[in-house]
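Notes to accompany the following structure.
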Amino acid sequence: MEVADHVILIANMIFNSKDFKDSLTTLTFKNPENNCSCNDQVILHDDVVEGADAYTLLFKEFNPKLNIKFARGSRWKGLGVTPICTKDITSFIKAIQGNMKDLHNLNPASVIAVNLCHEYFHSLGYCHTYDKLIENDKRPNGGPINWQYYRDDITYRIGWIVYDILHRWVVIEKRAI
């Protein structure tokens with residue numbers, strides 16, 4: 001199986017897993033900037049995005065037609081780019097591999113799937129709550145993290161939810177992914 005097919009298979013497995021549903025549906029994101037205002041199906045309740053609503057929106061379109069590109073590199077500083085509310089997702093493989101090299105024992109397809117899941121939420125109409133990503137952000141066990149950003153930015157959090165699930169499946173439970 002080609003890496004691109006494997007990445008999409010992993011992203012599909014994650015989104016359809018009970019682990020993902022349980023992780024996302026219990027959360028709330030308290031920043032109205034999560035809504036890019038390009039999809040009228042993105043729901044805000046008193047400027048809060050409910051994880052359960054985001055999860056429901058994820059499955060509104062049964063078979064989305066995506067234009068996914070895996071590029072080697074870019075002048076773009078991020079790991080990927082998705083113009084909001086489009087199906088045009090680009091993941092920058094070299095940047096992902098460089099930024100996520102410390103993602104313990106995940107295979108390359110899993111690491112790229114983390115980014116793809118994050119980018120897909122941009123295609124649904126969710127934006128970052130801050131103008132630029134925080135460079136060198138780390139998890140609690142790996143160093144400092146901006147907790148406000150982590151808690152309130154749905155697309156940023158999606159990436160970490162997916163990483164946490166893949167880490168548990170691949171590293172702890174030793175599943176073949």
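The values are calculated or read from the model by the stated rules, or taken from the named source; none is laboratory data. All values derive from a computational prediction rather than experimental measurement. Cβ placement follows ideal geometry from the backbone for every residue including glycine, while neighbour counts extend to all protein chains displayed.
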- [ ] Starting from residues that are hydroxyl-bearing (Ser, Thr, Tyr) and under 16 Å from His122 (Cα atoms), keep the ones in the range 10-57 and report whichever is surrounded by the most Cβ atoms within 10 Å (Cβ to Cβ).
- [x] Tyr55
- [ ] Read through the list (1) more than 19 Å from Arg157 (Cα to Cα); (2) among the acidic types (Asp, Glu); (3) in a helix (DSSP H, G or I), then give the number of the only condition that Asp53 fails.
- [x] (1)
Open item on the list: Go through (1) modelled with pLDDT under 85; (2) not in a loop (DSSP other than H, G, I, E, B) for Lys77 and report which single condition fails.
Closed with: (2)
Open item on the list: Can you say whether Lys94 is farther than 19 Å from Tyr156 by Cβ and over 16 Å from the mean Cα position of the chain (by Cα), as far as the supplied structure shows?
Closed with: yes
- [ ] Select from the range 68-83 the residues that are touching a helix residue (DSSP H, G or I) at 6+ places or on another chain (Cβ under 6 Å) and surrounded by 12 or more Cβ atoms within 10 Å (Cβ to Cβ) and write down the one among them that is nearest to Pro108 (Cα to Cα).
- [x] Phe70
Task: One residue from Lys65, Lys60 being closer than 24 Å to Ala109 by Cα, surrounded by fewer than 16 Cβ atoms within 10 Å (Cβ to Cβ) and not β-branched (Val, Ile, Thr) - done: Lys65
Open item on the list: I'd like the full set of residues that are touching a helix residue (DSSP H, G or I) at 6+ places or on another chain (Cβ under 7 Å), outside any loop (DSSP other than H, G, I, E, B), of a type in the set (Val, Ile, Thr) and modelled with pLDDT under 90, limited to the range 138-177.
Closed with: Val170
Open item on the list: Being surrounded by 15 or more Cβ atoms within 10 Å (Cβ to Cβ) and either at pLDDT 95 or above or over 19 Å from Asp164 (Cα atoms) (or both): is that true of Val7 here?
Closed with: no
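So that you can scan it fast, the table gives a plain yes or no per residue for (1) modelled with pLDDT under 60; (2) in contact with a Phe, Trp or Tyr (Cβ under 7 Å, 6 or more places away or on another chain); (3) part of a helix (DSSP H, G or I); (4) polar (S, T, N, Q):
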site	(1), (2), (3), (4)
Ala109	no, no, yes, no
Leu116	no, no, yes, no
Glu119	no, no, yes, no
His128	no, yes, no, no
Asn136	yes, no, no, yes
Open item on the list: Quick check on Ile68: is it more than 14 Å from the chain's Cα centre (by Cα) and among the β-branched types (Val, Ile, Thr)?
Closed with: yes
